[in-house]
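Shown next, in C-alpha cells, is the structure this report addresses.
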Amino acid sequence: MNIEIIEFAIPTCNRKNLFVTNIPTQDELLVYDLLYRTFSKYGLLYEVQVFPATGCNAGRQVNESPGYYAFVKFYSYRSALRAKEEQNNRLSIGSSTCKVAFAKRRKGDNQVTTLFLAKCQELASYYLGFNGWSSNIQILEEDKECVQPGGDLKKIKYFCSVRLDLTNQNLSCDGVGAWEETCSKTDVASQGGVLAKVQKTAHRRAMEHAFSKLVIISLSNGKVSVEVNTTRTDQILRDNMVDEAQLLKVNELEEAPVAEEDREEADIDDINMQVLQELEDPD
C-alpha cells in the first residue's frame, strides 16, 4: 500500500508542481479561476500562478507567442500525478489544448519553510475535518526583561505557548512563538495598536510552530492519520526570536545520577536529528 507523507510546509519539489502551457490569450483572472476549479478537483492546492508567456522562468525559455503559462502546486504528489495524467492534452481553454507536465524548476537548498497559519488551518481541515483539531493558549505573557532601546522609544515583546489537540487521533503537540515591536512612550494610542499586533503575531507564530511538528500520513485507500514528527529541529525558534537559553532542556540519563560531590563536569554535544522523510524529485 502506497504511503505519502505530507508536511505542514510549503511544497517545493517538482513532482508536486505542474507546469501548464499553451494557454491562449484571455483575461488573466478567468484563466486563474478556470485552472483553480479544474485542478482543485484532484486535491488541495497550495497555489496557482499564471504568467504571460513572454519571458523565461527558472532559467528555462518559455514560448514567446501570446498567451500564458501557469504553475499549479499541490500538497500531495499523488494528487498532482493524477491531475497530470488526466489533464495533459485534454485540458481545453478557448480553442487551445493545454499541455500539463511536472515542473522542472531549479532545486533550491531543500530548506523546509513553515506554512502561514491560514494555510496550516486549511490543510488540517482538508485532511482531518473542521472538527478534527482544536487549539488553546497555554501562555501569553510579556517579556518584561527585554532590553529597552532608551529615549522616547519602548520595546514590547510577548511570548506565547499553544497546544494543538487532534481530536480523533488522541494526539497533541505544543508550539511556541514570540514577537516584538518598538513604539513611542508618549503616544498612548499607538501603544495599544502595537500591543495588539505583538500579541497576535506571537500567537500566530506559536500556532505555525505547533503545526510544523505534524505530518499527515495519507494511504492510497483514502485513509489518513497524523503523527508528531519528533525528529524535526526547531529552526522556527530562531525565526521567532526565542532565545534557546531561555528554554528548559531535558536530557535522558543513561546511568543513575551520582552524588553532587562525585559528579564530574562533562561536555554534552548537541544531537542533530534527521527529518522523518523527505519527498525527493524522482530524478
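Looking only at region 19-28, decide whether some residue is modelled with pLDDT of 95 or more, in a helix (DSSP H, G or I) and within 23 Å of TYR126 (Cβ to Cβ).
Taking every residue of region 19-28 in turn, none turns out to be modelled with pLDDT of 95 or more, in a helix (DSSP H, G or I) and within 23 Å of TYR126 (Cβ to Cβ).
Regarding region 190-198, can at least one residue be identified that is out of contact with any helix residue (DSSP H, G or I) (no Cβ under 8 Å at 6 or more places or on another chain), open to solvent by less than 50 Å² (accessible area, probe 1.4 Å) and among the β-branched types (Val, Ile, Thr)? I'd like the intermediate steps shown before the answer.
Restricting attention to region 190-198, the residues satisfying the condition of being out of contact with any helix residue (DSSP H, G or I) (no Cβ under 8 Å at 6 or more places or on another chain) are 190-198.
Narrowing further to those that are open to solvent by less than 50 Å² (accessible area, probe 1.4 Å): 190-194, 198.
Restricting the remaining residues to those that are among the β-branched types (Val, Ile, Thr) gives 194, 198.
Within region 190-198, one or more residues are out of contact with any helix residue (DSSP H, G or I) (no Cβ under 8 Å at 6 or more places or on another chain), open to solvent by less than 50 Å² (accessible area, probe 1.4 Å) and among the β-branched types (Val, Ile, Thr).
Give the residue, chosen from GLN199, GLN274, GLN191, that is at pLDDT below 50, of a type in the set (S, T, N, Q) and either under 16 Å from the mean Cα position of the chain (by Cα) or not in a strand (DSSP E or B) (or both).
Working: GLN199 fails: at pLDDT below 50; GLN191 fails: at pLDDT below 50.
Sole residue among the options that is at pLDDT below 50, of a type in the set (S, T, N, Q) and either under 16 Å from the mean Cα position of the chain (by Cα) or not in a strand (DSSP E or B) (or both): GLN274.
Give the residue that is farthest from GLY150 (Cα to Cα), with candidates limited to residues of region 178-229 that are touching a residue at least 40 places away in the same chain (Cβ under 8 Å) and among the polar types (S, T, N, Q).
ASN221
Within region 178-189, restricting attention to residues that are among the hydrophobic types (A, V, I, L, M, F, W, C) and surrounded by 11 or more Cβ atoms within 10 Å (Cβ to Cβ), which residue is nearest to ALA210 (Cα to Cα)?
Of all residues in region 178-189, those among the hydrophobic types (A, V, I, L, M, F, W, C) come to 178-179, 183, 188-189.
Right, trim to surrounded by 11 or more Cβ atoms within 10 Å (Cβ to Cβ) and you get 178-179, 183.
Values: ALA178: 13, TRP179: 16, CYS183: 29 Å.
The residue in question is ALA178.
Restricting attention to region 60-76, report how many residues are at pLDDT 55 or above and either crowded, with 23+ Cβ neighbours inside 10 Å or within 30 Å of the chain's Cα centre (by Cα) (or both).
Restricting attention to region 60-76, the residues satisfying the condition of being at pLDDT 55 or above are 66-76.
Narrowing the set further to residues that are either crowded, with 23+ Cβ neighbours inside 10 Å or within 30 Å of the chain's Cα centre (by Cα) (or both) leaves 68-76.
The qualifying residues number 9.
Of all residues being open to solvent by 50 Å² or more (accessible area, probe 1.4 Å) and of a type in the set (Ser, Thr, Tyr) in region 25-39, which is nearest to LEU117 (Cα to Cα)? Just the residue, please. Walk me through how you get there before you give the answer.
Here is the first cut: in region 25-39, the residues open to solvent by 50 Å² or more (accessible area, probe 1.4 Å) are 25-30, 32-33, 36-37.
Going one step further and asking which of them are of a type in the set (Ser, Thr, Tyr), we end up with 25, 32, 36.
Details: THR25: 35, TYR32: 23, TYR36: 21 Å.
Once the filter is applied, the top-ranked residue is TYR36.
The values are calculated or read from the model by the stated rules, or taken from the named source; none is laboratory data. Since the model is a prediction, treat every value here as computed from it, not as a measurement. Counting neighbours? That spans all protein chains shown, and the Cβs are built from the backbone with ideal geometry, glycine included. When the accessible area is computed, the model is the full protein with side chains, heavy atoms only, and any ligands, DNA or RNA have been set aside. Shrake-Rupley method; radii C 1.70, N 1.55, O 1.52, S 1.80 Å.
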